[in-house]
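K.L.:
Here it is: the structure, laid out below.
The values are calculated or read from the model by the stated rules, or taken from the named source; none is laboratory data. On a predicted model such as this, the values are computed, not experimentally measured, just so you know. Positions of Cβ are backbone-derived with ideal geometry, glycine not excepted, and every protein chain shown enters the neighbour counts. Surface accessibility is based on the protein's heavy atoms, side chains included, excluding ligands, DNA and RNA. Shrake-Rupley method; radii C 1.70, N 1.55, O 1.52, S 1.80 Å.
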Amino acid sequence: MILIRSLAAAVLLLLAGAAARADQQPVDLELVMAVDASGSITTGALEFQLRGHAAAFRSAEVAESLTVGGTRSVAVTLVQWAGPNTLETVVPWTRVADAADAKGFADRIGAATRPPLDGSTAMGSAIDRAAGLFDGNGFDAPRRVIDISSNGFSNSGVDVEGARDRAVARGVTINALAILDEYDWLEEYYAESVIGGPFSFVRTAENRDSFADAILRKLVEEIAGGDGVPERRRLAAR
């Protein structure tokens, strides 16, 4: 009798899991774009980051990347973060499958310009909170990626390496875009302490002229995933 009850409970759990997955829309990638809005980021710099992300989604390259190897679709959200417990959604989860969807997402970024948040740079806390955004987002993908964009290093909140390891253990890859306007060693710091997971990589932007291009190349590579051509800064899984 105990064995029968255990089997029945297991069947009910499997059915519940199948029903939950049936409610999720299948996509190729779930992507959290996490933009630094801490005290080291001026209002103009935050607006420039947002405009750079919007420009990337309006580009022909992103539209073309959605059709590499067949029709693709991605679920994407854009958030901003600063000190511990400050992660805020700028644009909620949205399915992007073609150029029109990408332009619509770009327009929503452009309409959501915000002032920077006060406080420290709690990158580990941002990773922990961003990893939780995949739960119950209405999408199901074989790849989940958090994309950290920042010009600083983690100086508050939980340990960034521990947060990275927790995210990777959940099957999440973390990529980074290092803005080198204050610290020219951030690329090495992000490579060592922040990124992780299959095909993780760091991109860099030395100035505003290179920032938009770095976002574009990073986004195209993230959409292509393991099917893309390995770049110089793509690193092996940790």
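K.L.:
Would you pick out the residues in segment 152-186 that are outside any loop (DSSP other than H, G, I, E, B) and open to solvent by 30 Å² or more (accessible area, probe 1.4 Å)?
P.N.:
161, 165, 166, 168, 169
For (1) in contact with a Ser or Thr (Cβ under 9 Å, 6 or more places away or on another chain); (2) of a type in the set (A, V, I, L, M); (3) over 20 Å from residue 92 (Cα atoms), each residue gets a yes or a no:
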| site | (1), (2), (3) |
| --- | --- |
| 128 | no, no, no |
| 149 | no, no, no |
| 172 | no, yes, no |
| 206 | no, no, yes |
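K.L.:
Let me ask another. Looking only at segment 92-124, how many residues end up being among the acidic types (Asp, Glu), in a loop (DSSP other than H, G, I, E, B) and modelled with pLDDT of 90 or more?
P.N.:
The total comes to 1.
K.L.:
(1) surrounded by fewer than 20 Cβ atoms within 10 Å (Cβ to Cβ); (2) modelled with pLDDT under 90; (3) among the hydrophobic types (A, V, I, L, M, F, W, C): which one isn't true of residue 60, the others all being true?
P.N.:
(2)
K.L.:
Just need a number here: residues in segment 125-139 that are touching a residue at least 12 places away in the same chain (Cβ under 8 Å), assigned to a helix (DSSP H, G or I), small (Gly, Ala, Ser) and open to solvent by 10 Å² or more (accessible area, probe 1.4 Å).
P.N.:
Result for segment 125-139: 1.
K.L.:
Which one of the conditions (1) surrounded by fewer than 18 Cβ atoms within 10 Å (Cβ to Cβ); (2) in a loop (DSSP other than H, G, I, E, B); (3) in contact with a Gly (Cβ under 8 Å, 6 or more places away or on another chain) does residue 142 fail to meet, given that it meets all the rest?
P.N.:
It fails just one condition, (3).
K.L.:
Right, something else. Suppose we keep only residues that are touching a strand residue (DSSP E or B) at 6+ places or on another chain (Cβ under 7 Å) and open to solvent by 20 Å² or more (accessible area, probe 1.4 Å) within segment 74-93. Which one would you say is nearest to residue 134 (Cα to Cα)?
P.N.:
It comes out as 93.
K.L.:
Pull up segment 95-124, narrow it to residues that are in contact with a Ser or Thr (Cβ under 9 Å, 6 or more places away or on another chain) and of a type in the set (Asp, Glu), then point me to the one that is least open to solvent (accessible area, probe 1.4 Å).
P.N.:
101
K.L.:
Turning to a different aspect of this structure: I'm told residue 177 meets every condition in (1) touching a strand residue (DSSP E or B) at 6+ places or on another chain (Cβ under 6 Å); (2) more than 12 Å from residue 34 (Cα to Cα) except one. Can you identify the failing condition by its number?
P.N.:
Just one mismatch for residue 177, condition (2).
K.L.:
Considering (1) at pLDDT below 95; (2) closer than 23 Å to residue 219 by Cα; (3) under 17 Å from the mean Cα position of the chain (by Cα), say which one residue 86 fails and leave the rest.
P.N.:
The one condition residue 86 does not meet is (2).
K.L.:
What number of residues in segment 187-196 are part of a helix (DSSP H, G or I) and either of a type in the set (A, V, I, L, M) or touching a helix residue (DSSP H, G or I) at 6+ places or on another chain (Cβ under 7 Å) (or both)?
P.N.:
Selection size over segment 187-196: 2.
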